[in-house]
Structure formats: structure tokens, C-alpha cells
Amino acid sequence: MSNQLGVLNALDAAKTQWYHFTAIAIAGMGFFTDAYDLFSISLITKLLGRIYYFEPLSEKPGTLPPRIAAAVNGVAFCGTLAGQLFFGWLGDKLGRKRVYGLTLMLMLICSIASGLSFGKSPQGVMATLCFFRFWLGFGIGGDYPLSATIMSEYANKKTRGAFIAAVFAMQGFGILTGGIVALIVSAAFDHAYKAHPYNVDKEHSTVPQADYIWRIILMFGAVPALLTYYWRMKMPETARYTALVARNAKQAAADMSKVLQVDLNAEQEKGDKIGTEQFGLFSKEFAKRHGLHLLGTTSTWFLLDIAFYSSNLFQKDIFSAIGWLPKPETMTATHEVYRVAKAQTLIALCGTVPGYWFTVAFIEHLGRFTIQLMGFFFMSVFMFAIAIPYQHWKTNNTGFLIMYSLTFFFANFGPNSTTFIVPAEIFPARLRSTCHGISAAAGKAGAIVGSFGFLYAAQSTHHDKVDRGYNTGMGVKHALLMLGAVNCLGMLFTLLVPETMGRSLEDITGENEEDNGHQQTFSVEKVPV
């Protein structure tokens, strides 16, 4: 690779150093915050229903009406989708660093604002909550392409996949922390304010102070964002952006000399000759070189998120359906939050968190393609294994918990991690953040389909068992069968995704070739390690 700039070569060959772990921590805390903010809503939707939609004559506690529930659950995803597209594009136009602090500040402000949602009527509170959660999602959306791109451009080629996976793995800790915070807050309120279950005392089963619980849980999301802001602002721009997009090899060498603590030559003249052939996102040249890759990354992420988010957001409904959670009318409002949080924390601890770190451990040995294909395959297997003998699991909660945890384990030791990693590696530096944003936005479109669709589809086929305000659905069993089929489609589209293990980013995209009419095209052969 004689044409490779010295500064990029130094990054590729660098031994794992302290700055790698600093970058993982800074980018990872953003993802920790993302996951906490996105998934904490599922812990409090039942409580919101009890507080704001209480009906004195009803035999069951209040629940959010269908449209409100869909909006509260899904509005952050709509914001995330928009943010991924906008900040992905902006990250290529203005630079990764300049946009990076903006996304975190938006997340910090909107986390606090979500907890301060105001209004005199239930509709007013829900409207303001949805407004702030949309903009919270917008900030979260920006974190996806920027964190992945920054980590891929900072990492060395030997451990790049593991480093990007480690950033994404912080999502698992965010989900886990959401459950733990909800457990602590609900337990404290349960202890401080005694109440009778709904079937004993309807009016007083939800204490007035319960309104603070959901607000505290949502506002806690601002804490990790606040802790990370200073360090995020201190990070230098990535050398790959500075050298290949901003065309300033001298500045790239100066920045990375400080980071790597070695002297690097500027090589401005050489930088001017490398990767000068420009083509836009909508050009024939891009379609020829990367069209199938973009189809592969968008389709697999879309299909994965339909299954992953619908399963994650509606755990509480699935737990209720199999009898793992007591009937709502037998609990107080605060105790219900505690039970939902306990169930979600157990799933995160048993399946979600370990899956992420298995990817970190094995991605540089098995490769991205193998892990993604294997993950989709086992997700299909376990979805079908839960759905087909569904009646059996109603009397075997332990078996259900194991199977359900394994579904999440293979989502995270599989496509949930790899769909995040690959788009940060296979596209040219000047389009990397944009293409990652497009791929991630396709994923969030899948999450929207999953969260809105599953809400209705998972309703019981019997009129008397349907949640108030909903029509009958296909039932949890058939909804899970459908998710299994979605995972099978994911396996098929994975065949479009190339292997990138052990290769320099410029080698993958052909950016280290001089513009002499023989620029290298993308090669998809598997690289032995």
C-alpha cells in the first residue's frame, strides 16, 4: 500500500493505546444515553395510563389509548430517523467533531424537558411529552452515524470491529441501567407511600406522588450526557476526515502526532493526489461501486429492527400474556412499575448485555458476515421455538425466560451489532457518515413498523382479552411467528453485505489510489486473519 498516507498508515498499524479506550468511552457514553432514553419509555407506559387515563367505573386500571400509546412509544423513533439522516449528512459536510457536541447537548436538554412535560389535561401532558421525545430522538439519531464513523476512523485495522462493537455494546448497559433506575425509584416510592391494589381501592391505588416516578426515570438520562460533554469537545477531528475530505494532510498529521505521541510527516503533496476522484451519493459511479452494499446495509438493519424493537418495547405485554407479571388490577401503580422493571432488567442481564460483549470478543475472529448470518438464523430459531408451542410456555415461565433471553443474546451477538459496524467501514470517507445515517434510518423505519405494528398485532384474538380501546389482533403467538419470518428475510439480505475484517478503510474503499484512471474498486472477498 505505497500510496497510503503516513498518518493513516500509522493509525492502521497503531497498537491498542489509551486513546482508543478514551474514544470508546466518549462515544460509548453517548450510546449508553441513547439506549437509556429510547427504552426507558417502555418501563413507564403502564404507569402513564394509570395516572392520566383512570376511569373510576372500570374493572381494570387506566391504560393509554391506542393512538396515544403508539405516539409515546414511537415518536422518539421518528425523531431518531430524521436525526440520523440530517446529522449523517452534516457530519460529512462540516466534520465529525463539529457536529458531535450538538447531538449530545440536544439529548441532555430534551431528557430534562421530557421529565418536565406539562399540561392541565392528560392530552396536554402527552402532547408535550411526545414533542420533547421527538427532539430527544433527533439528537440520539445524530449519535449513530457520528459515533460509528469516529470510532472506525480512529481505530487500527486489526481491532476496528471490536472497538466499534464496544461503543455499541454500551447500549446494553443503557438498557440495564434504565431497569435498575426504575427499580430503585419505584421501590423507594412504594416504601414511602403505601397504597392498596386496584381491586381493593381503585381511586387510591395510584398515589399522587407516582407522577414523579416517570419524570425522574426520564430525566436521569441527562446525567451520562452531561458527564461526557466536556470530553467530547476535547476530541480532535478524525485524521481521515481532515486528510481525505477537508484535504488538509498537514493538520491531520499534527492532530494525530499528539494523539499517537509520535512524529508524523504532513505529506500534503501526496494527500492532494490520493482519492481525488469525486462521485456523489446519487451518481452512477456510486451505484456501481456501492449500490448493492447500501441495499444490503439498509435492508438488514430495517428487518433486524422490526424484530428487535418490537420485542424490546413490548416485553411488558409479552410478560403479562404468559402470566409472568401479575394482573394489573392486583397491583398498585408503583408496584407495577417495579415488576415491569424487574422483568426487563433480568432479560437485559441474562441475554442483552452478554450478547453485545460476545460480539466484541469474537468479531475479529469470526468476521462480520458470519456473526450477522448466525445471529439472524438463531433469532429465527428461538422466535419459532417460542411461538409454535406458545401455550406450553404459559405454564413454564423459566423455559420461556431462557428462550426469550437467547433471542436477545443472538440479536446482539449478531445483526444488532454488525448492522451498526459494517456501514462505518465500507463507504468512502466523504460519504461515510451520510451512508451510515441512511442505513441507520432504514433501521429506525423498521423500529417504527415494529413498535406501531406489534402494538396492534399482538392484541388477543378474543374481544374480552383485548386492551381497552384496541381492536382484536392476531395474538402474541402469530405476531412472534411473523417476527421469525422477518429474521429469515434478514438472513437472505445478509448475502449482500461484504466482509471487511482485517483491512484498512482506504483499502476497502479504494481511497488510497491516485486518480490515474485505475482507482481500485471494492473487493468483497473474505480476508484471512
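The values are calculated or read from the model by the stated rules, or taken from the named source; none is laboratory data. Only a predicted model underlies this, so the values are computations on that prediction, with no experimental measurement involved. Note that each Cβ is placed from the backbone with ideal geometry, even for glycine, and that neighbours are counted across all protein chains shown. Ligands, DNA and RNA are excluded from the accessible area calculation, which covers all protein heavy atoms including side chains. Shrake-Rupley method; radii C 1.70, N 1.55, O 1.52, S 1.80 Å.
Yes/no matrix, rows are residues, columns are (1) farther than 29 Å from Ala155 by Cα; (2) touching a Gly at 6+ places or on another chain (Cβ under 9 Å); (3) crowded, with 19+ Cβ neighbours inside 10 Å:
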position	(1), (2), (3)
Ile347	yes, yes, yes
Pro354	no, yes, no
Thr359	no, yes, yes
Phe369	no, no, yes
Gln372	no, yes, yes
Asn396	yes, no, no
Phe408	no, yes, yes
Ser433	no, yes, yes
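Filter segment 55-111 down to residues that are among the β-branched types (Val, Ile, Thr) and touching a Lys or Arg at 6+ places or on another chain (Cβ under 7 Å) and give me whichever is farthest from Arg133 (Cα to Cα). Outline the logic, then answer.
Restricting attention to segment 55-111, the residues satisfying the condition of being among the β-branched types (Val, Ile, Thr) are 63, 68, 72, 75, 80, 99, 103, 109.
Of the ones still in play, those that are also touching a Lys or Arg at 6+ places or on another chain (Cβ under 7 Å) are 63, 75, 80.
Numbers: Thr63: 20, Val75: 7, Thr80: 10 Å.
Selected residue: Thr63.
Scanning for something small (Gly, Ala, Ser), in a helix (DSSP H, G or I) and under 19 Å from Gly28 (Cα atoms), does segment 394-404 turn up at least one residue?
no
Residues being surrounded by 23 or more Cβ atoms within 10 Å (Cβ to Cβ) and not in a helix (DSSP H, G or I): count how many of those fall in segment 1-42.
Looking only at that region, the number is 2.
List, please: which pairs have Cβ atoms under 6 Å, are six or more places apart or on different chains, and start with a residue in segment 215-240 that is part of a helix (DSSP H, G or I) and of a type in the set (S, T, N, Q) and end with one that is open to solvent by 70 Å² or more (accessible area, probe 1.4 Å) and at pLDDT below 85?
none
What do you reckon, is Gly469 farther than 30 Å from Ser42 by Cα, out of contact with any Gly (no Cβ under 8 Å at 6 or more places or on another chain) and modelled with pLDDT under 75?
Judged against the criteria, Gly469 is not a match.
Every residue in segment 55-83 that is surrounded by fewer than 24 Cβ atoms within 10 Å (Cβ to Cβ) and of a type in the set (Ser, Thr, Tyr), please.
Selection gives Ser58, Thr63.
Tyr390 is checked against (1) modelled with pLDDT under 90; (2) open to solvent by 30 Å² or more (accessible area, probe 1.4 Å); (3) of a type in the set (Phe, Trp, Tyr) and fails just one. What number does that condition carry?
Only one criterion in (1) modelled with pLDDT under 90; (2) open to solvent by 30 Å² or more (accessible area, probe 1.4 Å); (3) of a type in the set (Phe, Trp, Tyr) is unmet by Tyr390, namely (2).
Would you check if Asn156 is polar (S, T, N, Q) and within 22 Å of Tyr100 (Cα to Cα)?
Yes, satisfied.
Residue-wise test of (1) open to solvent by 10 Å² or more (accessible area, probe 1.4 Å); (2) touching an Asp or Glu at 6+ places or on another chain (Cβ under 9 Å).
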| site | (1), (2) |
| --- | --- |
| Ile44 | no, no |
| Tyr53 | yes, no |
| Leu85 | yes, no |
| Val99 | no, no |
| Met105 | yes, no |
| Leu129 | no, no |
| Thr149 | no, yes |
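Could you check segment 107-124 and list, in sequence order, the residues that are of a type in the set (A, V, I, L, M) and either crowded, with 24+ Cβ neighbours inside 10 Å or in contact with a Cys (Cβ under 7 Å, 6 or more places away or on another chain) (or both)?
Matches in segment 107-124: Met107 only.
What residue, among those in segment 137-150 that are modelled with pLDDT under 95 and either among the hydrophobic types (A, V, I, L, M, F, W, C) or more than 17 Å from the chain's Cα centre (by Cα) (or both), is nearest to Ile421 (Cα to Cα)?
Out of the qualifying residues, it is Ala148.
Between Val207, Val200, Val223, which is at pLDDT below 95, surrounded by fewer than 21 Cβ atoms within 10 Å (Cβ to Cβ), under 16 Å from Ile140 (Cα atoms) and among the hydrophobic types (A, V, I, L, M, F, W, C)?
The match here is Val223.
Within segment 140-147, can one find any residue that is of a type outside the set (Asp, Glu) and open to solvent by 10 Å² or more (accessible area, probe 1.4 Å)?
no
Is one or more of the residues making up segment 320-338 in contact with a Gly (Cβ under 8 Å, 6 or more places away or on another chain), in a helix (DSSP H, G or I) and open to solvent by 60 Å² or more (accessible area, probe 1.4 Å)?
For segment 320-338, residues in contact with a Gly (Cβ under 8 Å, 6 or more places away or on another chain), in a helix (DSSP H, G or I) and open to solvent by 60 Å² or more (accessible area, probe 1.4 Å): absent.
Among the residues of segment 174-196, are any among the β-branched types (Val, Ile, Thr), crowded, with 24+ Cβ neighbours inside 10 Å and out of contact with any strand residue (DSSP E or B) (no Cβ under 6 Å at 6 or more places or on another chain)?
The answer is yes, given that some residue of segment 174-196 is among the β-branched types (Val, Ile, Thr), crowded, with 24+ Cβ neighbours inside 10 Å and out of contact with any strand residue (DSSP E or B) (no Cβ under 6 Å at 6 or more places or on another chain).
Go through segment 47-76 residue by residue and tally those that are modelled with pLDDT under 90, in a helix (DSSP H, G or I) and not aliphatic (A, V, I, L, M).
4
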